[in-house]
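Below is one structure, written out as structure tokens; the observations come after it.
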Amino acid sequence: MTIIFTSKVFEIIFWVVIILMKVLYAVTIFFKCKYDNKRIRNVITFLSILFPIIIGIICIIKYKRSTKDAFIILITLGLYLFSIIAVSAINTNSVQEKYYDKEGKAYTYASDITFTDTDGNKYTFNFDKTGYDYLYINGTDERLDANLCYLDSNGYIHYDDDLSITAKDETSCVDEDGSIYYPAKYTKFNKNGSINYSFDSGNFKYDRFGNAYTYDYVPYYDSDGNKYFYSFDSNTQKGTYTNISTRETFENEYSFVDENGYFVYDKEHCFKNQKDIENVKTYKDSSGKTYYWASGVSWDKKGNLLNK
């Protein structure tokens, strides 16, 4: 059975151990040294509580009764110092915040938590490799974008491959059918397996229609209602937009939104760069219509284009 101390309990244990060791050390100094008079004995004994190492050295060199007594003083001082180090080490492993999975199993670090889906597959972060960006499936190199991984009300993983789950409020997200979900990256399990989730609405990102998300790369829409998502390939160092329905990809360099916030791809590569407006790359086509580089824009909660 694993016992997890609270910080208050540990603080009490810590001081009890320290006081007991200080008393033991002071008693050793009192009885195992040879003093010229009682006054010196009392002063040395008192100072041993405040300055154990210095007094220990003085007693071993000047006031020891015998080599045996000097050895006893040295051993007691070693135990005293060891107790401080040991109790502090226990604090590092026992008092720090614990994280749990849906079964109530405790973990020291959030990145160690294992998630499962309804088919029994396991999903874990590989913090050393990609931090919290991806969840790896069953210990293999197959991975999912952690931003699109959600937990249902029973704590099982679901992957939002069509970006249909949006933030309902600060306490939950919702899909198009009204089912409740929680972003795996920002959700904790309580010790009893229940879900604990909260997200500051001030950090929501919004799409063309004012839908809120807990991640930065929100979906884009063209004027025909097609949805696109952005991804970045760290190997090629290039970004692309992908049509969610057809999986057709479009180079980031030639991807834009028009003044109504709709996605437009410059397939002829003919848009002309204009003077940037508030650090947003602005372009015009041959007919004089204005476009903004897609990766440089965002929307407010009403779906209005910002940065234009």
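At-a-glance table
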quantity	calculated
Summed side-chain charge close to Glu103 - residues other than Glu103 whose Cβ falls under 13 Å, Lys, Arg +1, Asp, Glu -1	+3
Residues of type lysines that Lys272 reaches as a straight line, Cα spacing below 18 Å, ignoring anything fewer than 8 places off in the same chain	Lys281, Lys284, Lys289, Lys308
Largest-first principal axis extents of the Cα set of the chain (Å)	105, 48, 35
Most to least packed among 41-49, 244-252, 212-220 [average Cβ atoms within 10 Å]	212-220, 41-49, 244-252
Region 40-130: equivalent-ellipsoid semi-axes (sqrt of 5 x gyration tensor eigenvalues, Cα, Å)	53, 12, 11
Most to least packed among 116-124, 70-78 [average Cβ atoms within 10 Å]	70-78, 116-124
Solvent-accessible area per residue, Å², over region 95-160 with all protein chains present [probe radius 1.4 Å]	54
Carbon plus sulfur fraction of accessible area for the chain, probe 1.4 Å, in percent	52
Helical contribution to [θ] at 222 nm, DSSP H n ≥ 4, -39,500 (n - 2.57), averaged over the chain, rounded to 500	-8000 deg cm²/dmol
For Lys105, solvent-accessible area (1.4 Å; no DNA, RNA or ligand), Å²	120
Lys, Arg +1 and Asp, Glu -1 on Cβ, resulting dipole of region 164-262 about Cα centre, debye, nearest 20	600
Solvent-accessible heavy-atom area per residue, rounded to whole Å², over region 221-302 at 1.4 Å	63
Charged-residue dipole, Cβ positions (Lys, Arg, Asp, Glu), the chain about Cα centre, Debye nearest 20	3400
Nonlocal Lys pairs with alpha-carbon distance under 19 Å, region 158-237 (8 or more apart, or different chains)	5
Long-range tail of P(r) for region 179-265 (Cα pairs > 22 Å, %)	42
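The values are calculated or read from the model by the stated rules, or taken from the named source; none is laboratory data. Everything numeric in this text was worked out from a predicted model, so none of it was measured. Ideal geometry is used to build each Cβ from the backbone, glycine not excepted, and the neighbour counts take in all protein chains shown. Side chains included, ligands, DNA and RNA excluded: accessible areas come from the protein's heavy atoms. Shrake-Rupley method; radii C 1.70, N 1.55, O 1.52, S 1.80 Å.
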